[in-house]
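Computed from the coordinates by the stated procedures, all read-outs in this text should not be read as laboratory data. In this text the structure is predicted, and so the values were computed from the model without any measurement. For neighbour counting, all protein chains shown are included, and Cβ atoms are generated from backbone atoms with ideal geometry for every residue, glycine included.
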Amino acid sequence: MEIDTTFICAYCLQVNAIVVDGTGGLHQQYIEDCQVCCRPNDLHIVIDEELSEADVQAETA
Ligand SMILES: [Zn+2]
């Protein structure tokens, strides 16, 4: 299951589109570089399997 979602960069506040791989677990955490400013965001992702949605919170890493 792949979910298209977005996160707001914790540094420059630009919207980044990402694809979350649901097979990695319903709670995921990893570092993703911002596509605009290239700084590393610490992503905390919670996946809702029934809705096929992902809630993403980005923090400075
Ligand atoms: Zn950024």
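Might you report the magnitude of the Cβ-based charge dipole of the chain about its Cα centre, with Lys and Arg at +1 and Asp and Glu at -1, to the nearest 20 debye?
Working: 1 positive and 12 negative charges, 73 e Å.
Once rounded to the nearest 20, the dipole reads 360 debye.
Summing +1 for each Lys or Arg and -1 for each Asp or Glu, what net charge is found among the other residues whose Cβ lies under 9 Å from the Cβ of P40? Each step should come with its number before you reach the end.
Numbers: positive: R39; negative: E32, D33, D42.
Overall, the nearby charge balance is -2.
In whole angstrom, how long is each semi-axis of the equivalent ellipsoid of the chain, when you take the square root of 5 times every eigenvalue of its Cα gyration tensor and sort them from largest down?
Ellipsoid half-lengths, sorted descending, are 20, 11, 9 Å.
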